[in-house]
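Just below is one structure, and these are the notes that go with it.
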Amino acid sequence: MALIAAIYLLAGVTGWLLFSWLTAQAMQPLWALLLADVLATVAVWAFGLLYENVSVYDPYWSVFPPVIFMLWAFYTGVWSVPVILLLIASWYWGWRLTRNWAITFKGIAHEDWRYTKYRSQHPLVFHTINFFGLNMMPTLVVFAAMLPGLKLFDSPITNDQSPISIALLCVGFIVCLVSATIQLIADKQSHDFRAANPGKVCNVGLWKHGRHPNYFGEIQFWWGIWIMYASLNGIDMYIGGAIAMTALFLGISIPLMEKRQLANKPDYAEYRKQTRMLI
(Lines give C-alpha, C1' and ligand atoms only; values in the text may rest on other atoms or scores of the structure.)
Protein backbone atom coordinates (compact mmCIF):
# COMPACT_ATOMS: atom_id res chain seq x y z
CA MET A 1 0.00 0.00 0.00
CA ALA A 2 2.89 2.35 0.83
CA LEU A 3 4.49 1.51 -2.52
CA ILE A 4 1.29 2.37 -4.42
CA ALA A 5 1.00 5.62 -2.44
CA ALA A 6 4.61 6.52 -3.32
CA ILE A 7 4.00 5.79 -7.02
CA TYR A 8 0.94 8.02 -7.08
CA LEU A 9 2.66 10.79 -5.19
CA LEU A 10 5.49 10.72 -7.72
CA ALA A 11 3.03 10.67 -10.62
CA GLY A 12 1.11 13.59 -9.14
CA VAL A 13 4.23 15.68 -8.57
CA THR A 14 5.42 14.92 -12.10
CA GLY A 15 2.10 16.04 -13.55
CA TRP A 16 2.04 19.19 -11.41
CA LEU A 17 5.56 20.16 -12.50
CA LEU A 18 4.58 19.80 -16.16
CA PHE A 19 1.41 21.82 -15.57
CA SER A 20 3.40 24.59 -13.87
CA TRP A 21 5.93 24.71 -16.71
CA LEU A 22 3.29 24.69 -19.48
CA THR A 23 1.23 27.46 -17.89
CA ALA A 24 4.44 29.47 -17.44
CA GLN A 25 4.85 29.12 -21.22
CA ALA A 26 1.38 30.70 -21.61
CA MET A 27 -0.41 27.47 -22.57
CA GLN A 28 -4.15 27.51 -21.92
CA PRO A 29 -4.50 26.01 -18.39
CA LEU A 30 -7.11 23.41 -19.31
CA TRP A 31 -4.90 22.01 -22.06
CA ALA A 32 -1.95 22.07 -19.68
CA LEU A 33 -4.01 20.14 -17.14
CA LEU A 34 -4.88 17.50 -19.74
CA LEU A 35 -1.22 17.02 -20.67
CA ALA A 36 -0.27 16.85 -16.99
CA ASP A 37 -2.92 14.17 -16.49
CA VAL A 38 -1.53 12.25 -19.46
CA LEU A 39 2.04 12.47 -18.10
CA ALA A 40 0.91 11.26 -14.66
CA THR A 41 -0.77 8.32 -16.39
CA VAL A 42 2.46 7.53 -18.24
CA ALA A 43 4.31 7.53 -14.93
CA VAL A 44 1.84 5.07 -13.39
CA TRP A 45 1.94 2.95 -16.56
CA ALA A 46 5.76 2.82 -16.34
CA PHE A 47 5.59 1.46 -12.80
CA GLY A 48 3.03 -1.06 -14.01
CA LEU A 49 5.63 -2.25 -16.53
CA LEU A 50 8.31 -2.34 -13.86
CA TYR A 51 6.23 -4.57 -11.59
CA GLU A 52 4.60 -6.43 -14.51
CA ASN A 53 1.19 -5.55 -13.11
CA VAL A 54 -1.38 -3.38 -14.89
CA SER A 55 -3.38 -3.17 -11.65
CA VAL A 56 -0.96 -0.49 -10.48
CA TYR A 57 -3.25 1.79 -12.52
CA ASP A 58 -6.47 0.70 -10.79
CA PRO A 59 -6.62 3.45 -8.09
CA TYR A 60 -6.02 6.17 -10.70
CA TRP A 61 -9.72 6.26 -11.57
CA SER A 62 -10.78 7.27 -8.07
CA VAL A 63 -7.72 9.11 -6.72
CA PHE A 64 -6.92 11.68 -9.37
CA PRO A 65 -10.34 13.31 -10.09
CA PRO A 66 -10.96 14.64 -6.55
CA VAL A 67 -7.30 15.64 -6.25
CA ILE A 68 -7.42 17.48 -9.58
CA PHE A 69 -10.65 19.26 -8.62
CA MET A 70 -9.08 20.37 -5.33
CA LEU A 71 -5.84 21.54 -6.97
CA TRP A 72 -7.89 23.37 -9.61
CA ALA A 73 -9.70 25.22 -6.83
CA PHE A 74 -6.38 26.35 -5.35
CA TYR A 75 -5.02 27.24 -8.79
CA THR A 76 -8.04 29.30 -9.85
CA GLY A 77 -8.79 30.65 -6.37
CA VAL A 78 -12.50 29.92 -6.97
CA TRP A 79 -14.44 28.63 -3.96
CA SER A 80 -18.00 29.36 -5.06
CA VAL A 81 -21.03 27.40 -3.87
CA PRO A 82 -21.06 25.19 -7.02
CA VAL A 83 -17.35 24.45 -6.52
CA ILE A 84 -17.83 23.54 -2.86
CA LEU A 85 -20.66 21.17 -3.80
CA LEU A 86 -18.47 19.66 -6.52
CA LEU A 87 -15.61 19.09 -4.08
CA ILE A 88 -17.88 17.48 -1.49
CA ALA A 89 -19.42 15.16 -4.09
CA SER A 90 -16.11 14.19 -5.72
CA TRP A 91 -14.30 13.53 -2.46
CA TYR A 92 -17.16 11.41 -1.13
CA TRP A 93 -17.22 9.44 -4.39
CA GLY A 94 -13.42 9.16 -4.45
CA TRP A 95 -13.28 8.00 -0.84
CA ARG A 96 -15.90 5.32 -1.52
CA LEU A 97 -14.21 3.97 -4.64
CA THR A 98 -10.67 4.10 -3.23
CA ARG A 99 -11.89 2.39 -0.04
CA ASN A 100 -13.37 -0.42 -2.11
CA TRP A 101 -10.09 -0.79 -4.00
CA ALA A 102 -8.14 -0.89 -0.72
CA ILE A 103 -10.42 -3.58 0.71
CA THR A 104 -9.84 -5.81 -2.33
CA PHE A 105 -6.11 -4.96 -2.69
CA LYS A 106 -4.08 -8.18 -2.43
CA GLY A 107 -0.59 -6.81 -2.92
CA ILE A 108 1.61 -5.61 -5.73
CA ALA A 109 1.93 -9.14 -7.15
CA HIS A 110 -1.82 -9.56 -7.71
CA GLU A 111 -3.18 -8.48 -11.09
CA ASP A 112 -6.87 -8.08 -11.94
CA TRP A 113 -8.38 -10.93 -13.96
CA ARG A 114 -9.20 -8.59 -16.85
CA TYR A 115 -5.55 -7.78 -17.41
CA THR A 116 -4.34 -11.37 -17.12
CA LYS A 117 -7.01 -12.24 -19.70
CA TYR A 118 -5.57 -9.72 -22.16
CA ARG A 119 -2.02 -10.94 -21.44
CA SER A 120 -2.88 -14.52 -22.26
CA GLN A 121 -5.19 -13.88 -25.22
CA HIS A 122 -3.18 -11.14 -26.97
CA PRO A 123 0.51 -11.63 -26.09
CA LEU A 124 1.87 -10.01 -29.24
CA VAL A 125 -0.04 -6.76 -28.89
CA PHE A 126 -0.56 -6.76 -25.14
CA HIS A 127 1.73 -3.80 -24.46
CA THR A 128 -0.14 -1.73 -27.04
CA ILE A 129 -3.46 -2.71 -25.45
CA ASN A 130 -1.98 -1.99 -22.03
CA PHE A 131 -0.78 1.54 -22.80
CA PHE A 132 -3.63 2.80 -24.98
CA GLY A 133 -6.58 0.69 -23.89
CA LEU A 134 -6.01 -0.09 -20.20
CA ASN A 135 -4.21 3.06 -19.07
CA MET A 136 -4.58 6.00 -21.43
CA MET A 137 -8.15 5.48 -22.65
CA PRO A 138 -9.72 5.43 -19.16
CA THR A 139 -7.72 8.54 -18.23
CA LEU A 140 -9.04 10.40 -21.28
CA VAL A 141 -12.63 9.26 -20.71
CA VAL A 142 -12.50 10.34 -17.05
CA PHE A 143 -10.94 13.67 -18.03
CA ALA A 144 -13.75 14.23 -20.55
CA ALA A 145 -16.28 13.42 -17.83
CA MET A 146 -14.47 15.83 -15.49
CA LEU A 147 -14.67 18.73 -17.94
CA PRO A 148 -18.17 19.85 -16.84
CA GLY A 149 -16.86 19.94 -13.27
CA LEU A 150 -13.78 21.91 -14.29
CA LYS A 151 -15.92 24.36 -16.25
CA LEU A 152 -18.13 24.73 -13.17
CA PHE A 153 -15.32 26.90 -11.78
CA ASP A 154 -16.23 29.46 -14.45
CA SER A 155 -19.92 29.29 -13.55
CA PRO A 156 -20.68 31.43 -10.50
CA ILE A 157 -24.19 31.88 -9.14
CA THR A 158 -25.24 35.41 -10.08
CA ASN A 159 -27.88 37.64 -8.49
CA ASP A 160 -30.23 37.10 -11.43
CA GLN A 161 -29.87 33.29 -11.39
CA SER A 162 -33.24 31.61 -11.83
CA PRO A 163 -34.63 29.41 -9.04
CA ILE A 164 -34.80 26.54 -11.54
CA SER A 165 -31.04 26.75 -12.11
CA ILE A 166 -30.36 26.64 -8.37
CA ALA A 167 -32.76 23.72 -7.99
CA LEU A 168 -31.04 21.79 -10.81
CA LEU A 169 -27.64 22.47 -9.25
CA CYS A 170 -28.90 20.89 -6.03
CA VAL A 171 -30.42 18.00 -8.00
CA GLY A 172 -27.05 17.28 -9.63
CA PHE A 173 -25.32 17.38 -6.25
CA ILE A 174 -27.89 14.99 -4.74
CA VAL A 175 -27.55 12.66 -7.74
CA CYS A 176 -23.79 12.50 -7.10
CA LEU A 177 -24.24 11.72 -3.40
CA VAL A 178 -26.95 9.14 -4.04
CA SER A 179 -24.84 7.51 -6.76
CA ALA A 180 -21.81 7.08 -4.51
CA THR A 181 -24.05 5.78 -1.73
CA ILE A 182 -25.60 3.23 -4.10
CA GLN A 183 -22.08 2.04 -4.92
CA LEU A 184 -21.15 1.90 -1.24
CA ILE A 185 -24.19 -0.21 -0.38
CA ALA A 186 -23.82 -2.45 -3.44
CA ASP A 187 -20.16 -3.17 -2.68
CA LYS A 188 -20.95 -4.01 0.96
CA GLN A 189 -23.77 -6.34 -0.05
CA SER A 190 -21.57 -8.03 -2.66
CA HIS A 191 -18.60 -8.53 -0.31
CA ASP A 192 -20.83 -9.95 2.45
CA PHE A 193 -22.70 -12.26 0.06
CA ARG A 194 -19.56 -13.63 -1.57
CA ALA A 195 -17.96 -14.29 1.80
CA ALA A 196 -21.01 -16.28 2.93
CA ASN A 197 -21.85 -17.87 -0.44
CA PRO A 198 -18.68 -18.48 -2.46
CA GLY A 199 -19.33 -19.25 -6.10
CA LYS A 200 -22.97 -18.18 -5.94
CA VAL A 201 -24.66 -15.34 -7.85
CA CYS A 202 -25.28 -12.31 -5.64
CA ASN A 203 -29.00 -11.57 -5.94
CA VAL A 204 -29.77 -9.81 -2.69
CA GLY A 205 -30.35 -6.17 -1.83
CA LEU A 206 -29.63 -3.84 -4.72
CA TRP A 207 -28.36 -6.81 -6.75
CA LYS A 208 -31.89 -8.19 -6.76
CA HIS A 209 -33.07 -5.19 -8.77
CA GLY A 210 -30.09 -4.73 -11.12
CA ARG A 211 -27.19 -6.90 -12.25
CA HIS A 212 -24.70 -4.04 -11.91
CA PRO A 213 -25.81 -1.53 -9.26
CA ASN A 214 -22.19 -0.47 -8.69
CA TYR A 215 -21.77 0.37 -12.39
CA PHE A 216 -25.16 2.08 -12.39
CA GLY A 217 -23.97 4.29 -9.53
CA GLU A 218 -20.73 5.09 -11.37
CA ILE A 219 -22.51 6.09 -14.57
CA GLN A 220 -25.06 8.13 -12.65
CA PHE A 221 -22.34 9.96 -10.68
CA TRP A 222 -20.83 11.48 -13.82
CA TRP A 223 -24.27 12.47 -15.07
CA GLY A 224 -24.73 14.20 -11.72
CA ILE A 225 -21.56 16.24 -12.35
CA TRP A 226 -22.89 17.20 -15.75
CA ILE A 227 -26.31 18.18 -14.32
CA MET A 228 -24.52 20.54 -11.90
CA TYR A 229 -22.71 22.15 -14.82
CA ALA A 230 -25.75 22.24 -17.12
CA SER A 231 -27.86 23.87 -14.41
CA LEU A 232 -25.82 27.06 -14.84
CA ASN A 233 -24.71 26.73 -18.46
CA GLY A 234 -27.32 24.77 -20.38
CA ILE A 235 -26.74 21.81 -22.70
CA ASP A 236 -23.59 22.03 -24.81
CA MET A 237 -20.67 19.91 -25.99
CA TYR A 238 -19.59 19.08 -22.44
CA ILE A 239 -22.34 16.48 -22.29
CA GLY A 240 -19.94 14.34 -24.33
CA GLY A 241 -17.98 13.25 -21.25
CA ALA A 242 -20.99 11.69 -19.54
CA ILE A 243 -21.98 10.03 -22.82
CA ALA A 244 -18.47 8.61 -23.25
CA MET A 245 -18.51 7.30 -19.67
CA THR A 246 -21.86 5.60 -20.25
CA ALA A 247 -20.60 4.07 -23.51
CA LEU A 248 -17.48 2.76 -21.74
CA PHE A 249 -19.55 0.81 -19.22
CA LEU A 250 -22.27 -0.35 -21.61
CA GLY A 251 -19.84 -1.26 -24.38
CA ILE A 252 -16.84 -2.67 -22.51
CA SER A 253 -17.03 -3.06 -18.72
CA ILE A 254 -20.47 -4.68 -18.41
CA PRO A 255 -20.15 -7.10 -21.38
CA LEU A 256 -16.71 -8.20 -20.11
CA MET A 257 -18.04 -8.83 -16.60
CA GLU A 258 -21.14 -10.64 -17.85
CA LYS A 259 -19.09 -12.93 -20.08
CA ARG A 260 -16.96 -13.90 -17.07
CA GLN A 261 -19.99 -14.46 -14.85
CA LEU A 262 -21.70 -16.64 -17.46
CA ALA A 263 -18.55 -18.75 -17.79
CA ASN A 264 -17.92 -19.17 -14.06
CA LYS A 265 -21.40 -19.30 -12.51
CA PRO A 266 -24.03 -21.67 -13.98
CA ASP A 267 -26.87 -19.80 -12.25
CA TYR A 268 -25.95 -16.48 -13.84
CA ALA A 269 -27.82 -17.14 -17.09
CA GLU A 270 -31.11 -17.48 -15.22
CA TYR A 271 -30.30 -14.46 -13.04
CA ARG A 272 -29.57 -12.51 -16.21
CA LYS A 273 -33.00 -13.36 -17.63
CA GLN A 274 -34.82 -12.28 -14.48
CA THR A 275 -32.85 -9.13 -13.58
CA ARG A 276 -32.36 -5.89 -15.50
CA MET A 277 -28.87 -4.76 -16.39
CA LEU A 278 -28.81 -1.47 -14.46
CA ILE A 279 -32.18 -0.51 -12.99
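The values are calculated or read from the model by the stated rules, or taken from the named source; none is laboratory data. Because the structure is predicted, anything quoted here is derived from the model rather than measured. Cβ: placed from backbone, ideal geometry, glycine included. Neighbour counts: every protein chain shown. The protein model used for the area step is the full one, side chains on, heavy atoms only, and it has no ligands, DNA or RNA in it. Shrake-Rupley method; radii C 1.70, N 1.55, O 1.52, S 1.80 Å.
Here is a list of conditions, (1) modelled with pLDDT of 95 or more; (2) under 30 Å from Pro82 (Cβ atoms), and Phe131 meets all of them except one; can you say which number that is?
Of the numbered conditions (1) modelled with pLDDT of 95 or more; (2) under 30 Å from Pro82 (Cβ atoms), the odd one out for Phe131 is (2).
Picking from Trp72, Trp93, which residue would you name as being in contact (Cβ under 8 Å) with a residue 40 or more places away in the chain, aromatic (Phe, Trp, Tyr) and touching a Phe, Trp or Tyr at 6+ places or on another chain (Cβ under 6 Å)?
Result: Trp93 is the single residue among Trp72, Trp93 that is in contact (Cβ under 8 Å) with a residue 40 or more places away in the chain, aromatic (Phe, Trp, Tyr) and touching a Phe, Trp or Tyr at 6+ places or on another chain (Cβ under 6 Å).
Checking the conditions here, which among Val83, Val142 is open to solvent by less than 40 Å² (accessible area, probe 1.4 Å) and closer than 20 Å to Phe249 by Cβ?
So the residue among Val83, Val142 that is open to solvent by less than 40 Å² (accessible area, probe 1.4 Å) and closer than 20 Å to Phe249 by Cβ is Val142.
Determine which single condition Ile243 fails, assuming it passes every other condition in (1) of a type in the set (A, V, I, L, M, F, W, C); (2) touching a residue at least 24 places away in the same chain (Cβ under 8 Å); (3) open to solvent by 80 Å² or more (accessible area, probe 1.4 Å).
Result: Ile243 passes all but (2).
Can you pull out every residue in segment 188-222 that is in contact with a Gly (Cβ under 8 Å, 6 or more places away or on another chain) and within 23 Å of Leu140 (Cβ to Cβ)?
The answer is Phe216, Trp222.
Which of the residues spanning segment 24-38 are aliphatic (A, V, I, L, M) and assigned to a helix (DSSP H, G or I)? Before you say what the answer is, go through the steps one by one.
Keep residues of segment 24-38 that are aliphatic (A, V, I, L, M), which gives 24, 26-27, 30, 32-36, 38.
The answer is Ala24, Leu30, Ala32, Leu33, Leu34, Leu35, Ala36, Val38.
In segment 163-215, what count of residues is obtained for those that are at positive phi, part of a helix (DSSP H, G or I) and touching a residue at least 40 places away in the same chain (Cβ under 8 Å)?
0
Of the residues that make up segment 31-38, is at least one under 18 Å from Pro138 (Cα atoms), modelled with pLDDT of 95 or more, among the hydrophobic types (A, V, I, L, M, F, W, C) and open to solvent by 60 Å² or more (accessible area, probe 1.4 Å)?
The answer is yes, given that some residue of segment 31-38 is under 18 Å from Pro138 (Cα atoms), modelled with pLDDT of 95 or more, among the hydrophobic types (A, V, I, L, M, F, W, C) and open to solvent by 60 Å² or more (accessible area, probe 1.4 Å).
What number of residues in segment 86-107 are open to solvent by less than 10 Å² (accessible area, probe 1.4 Å) and either over 16 Å from Ile182 (Cβ atoms) or not aliphatic (A, V, I, L, M) (or both)?
Let us first name the residues in segment 86-107 that are open to solvent by less than 10 Å² (accessible area, probe 1.4 Å), namely 86, 89-90, 93-94, 96.
Next, only the ones that are either over 16 Å from Ile182 (Cβ atoms) or not aliphatic (A, V, I, L, M) (or both) stay: 86, 90, 93-94, 96.
Residues meeting the conditions: 5.
Mind listing just one residue for me: the one in segment 39-57 that is under 18 Å from the mean Cα position of the chain (by Cα) and either among the charged types (D, E, K, R) or within 15 Å of Tyr115 (Cα to Cα) (or both) and, of those, most open to solvent (accessible area, probe 1.4 Å)?
Restricting to residues being under 18 Å from the mean Cα position of the chain (by Cα) and either among the charged types (D, E, K, R) or within 15 Å of Tyr115 (Cα to Cα) (or both), the top hit is Trp45.
Residues of segment 15-30 being among the aromatic types (Phe, Trp, Tyr) and crowded, with 22+ Cβ neighbours inside 10 Å, which ones?
Correct list: Phe19 only.
Restrict the check to segment 204-218 and report whether at least one residue is among the basic types (Lys, Arg), within 28 Å of Tyr115 (Cα to Cα), surrounded by 19 or more Cβ atoms within 10 Å (Cβ to Cβ) and over 17 Å from the mean Cα position of the chain (by Cα).
Yes: segment 204-218 contains one or more residues that are among the basic types (Lys, Arg), within 28 Å of Tyr115 (Cα to Cα), surrounded by 19 or more Cβ atoms within 10 Å (Cβ to Cβ) and over 17 Å from the mean Cα position of the chain (by Cα).
Sort out which residues of segment 39-51 are in a helix (DSSP H, G or I) and either touching a helix residue (DSSP H, G or I) at 6+ places or on another chain (Cβ under 7 Å) or of a type outside the set (A, V, I, L, M, F, W, C) (or both), and write them in order of number.
Matches in segment 39-51: Leu39, Ala40, Thr41, Ala43, Val44, Trp45, Phe47, Gly48.
Looking at (1) outside any helix (DSSP H, G or I); (2) modelled with pLDDT of 95 or more, which is the one condition that is false for Ile279?
(2)
In contact with an Asp or Glu (Cβ under 8 Å, 6 or more places away or on another chain), open to solvent by less than 40 Å² (accessible area, probe 1.4 Å) and among the hydrophobic types (A, V, I, L, M, F, W, C), is that true of Phe126? Walk me through it before giving the result.
Working: in contact with an Asp or Glu (Cβ under 8 Å, 6 or more places away or on another chain): no; open to solvent by less than 40 Å² (accessible area, probe 1.4 Å): yes; among the hydrophobic types (A, V, I, L, M, F, W, C): yes.
No: the conditions fail for Phe126.
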